[in-house]
Amino acid sequence: MGLGQTMLVVAAIMLLTRLVVGTRTVAMDHQAALDLSNYRIHAVGVGSYVMNEIALKSFDEKTKGQSAVVISSSEFTSADSLGIETGEDVTNKDTFDDIDDYKNYVGMDTSYIPYTYFVKVEYVDLDTLQSPWEIVSANNNRTFYKRINIDVYSPYLKDEYSKSTLGDTLHFSRVQSYF
Ligand SMILES: [Ca+2]
């Protein structure tokens, strides 16, 4: 094999190596993107599941098991007292029986990858809305509407090109009406 042929073989090997490495990089990028999609889909599942669980509880401690309809929002728990009542444990949602017991609850879901979720519950007043696009602020007065906010976080919810060490947070919000 002459020097020219040897050089050609070396060049061919180098080119092949570059092609193989390039293909593997693309395949790894593709897998990372697929994994991130799955993590996000499961995060949506976690947020939806917890949201439904909360929404199925009684609207308020005062309406729990009550057959008579509350006609004045002043009968509900005051805004500054939203949260658990005596006998309920802030770390154990199995003890919760109404929506605002979940206020400030922090939960974990490890059925797929580890997710942590944070819950906020507040009164909002939809009766004073000027348009459907208006951003609704928390209300310090009792109303017939409670907004449930859930943030679902995982360190795995991170784009591989992200410079942050933290993952993304998915936010879920729903307003539950008493009626
Ligand atoms: Ca309760």
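The values are calculated or read from the model by the stated rules, or taken from the named source; none is laboratory data. Computed from a predicted structure; not experimentally measured. Backbone-built Cβ (ideal geometry, glycine too); neighbour counts: all protein chains shown.
Numbers at a glance
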{"item": "Test for Val69: is it within 16 Å of the ligand (Cβ to nearest atom) and in a loop (DSSP other than H, G, I, E, B)", "result": "no"}
{"item": "Residue, surrounded by the most Cβ atoms within 10 Å (Cβ to Cβ), within the range 154-179, restricted to residues that are under 24 Å from Ile41 (Cβ atoms) and in contact with a Phe, Trp or Tyr (Cβ under 7 Å, 6 or more places away or on another chain)", "result": "Ser154"}
{"item": "Unmet requirement for Arg142, which otherwise passes all of (1) farther than 19 Å from Glu53 by Cβ; (2) in contact with a Ser or Thr (Cβ under 7 Å, 6 or more places away or on another chain); (3) more than 16 Å from the ligand (Cβ to nearest atom)", "result": "(3)"}
{"item": "Residue match in the range 111-124 (condition: among the hydrophobic types (A, V, I, L, M, F, W, C) and without any contact (Cβ under 8 Å) to a residue 24 or more places away in the chain)", "result": "no"}
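Let's see how each residue does on (1) at negative phi; (2) more than 9 Å from the ligand (Cβ to nearest atom); (3) modelled with pLDDT of 95 or more; (4) surrounded by fewer than 15 Cβ atoms within 10 Å (Cβ to Cβ):
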{"site": "Lys64", "(1), (2), (3), (4)": "yes, no, no, yes"}
{"site": "Thr77", "(1), (2), (3), (4)": "yes, no, yes, no"}
{"site": "Leu82", "(1), (2), (3), (4)": "yes, yes, yes, no"}
{"site": "Glu88", "(1), (2), (3), (4)": "yes, no, yes, no"}
{"site": "Asp100", "(1), (2), (3), (4)": "yes, no, yes, no"}
{"site": "Thr110", "(1), (2), (3), (4)": "yes, yes, yes, yes"}
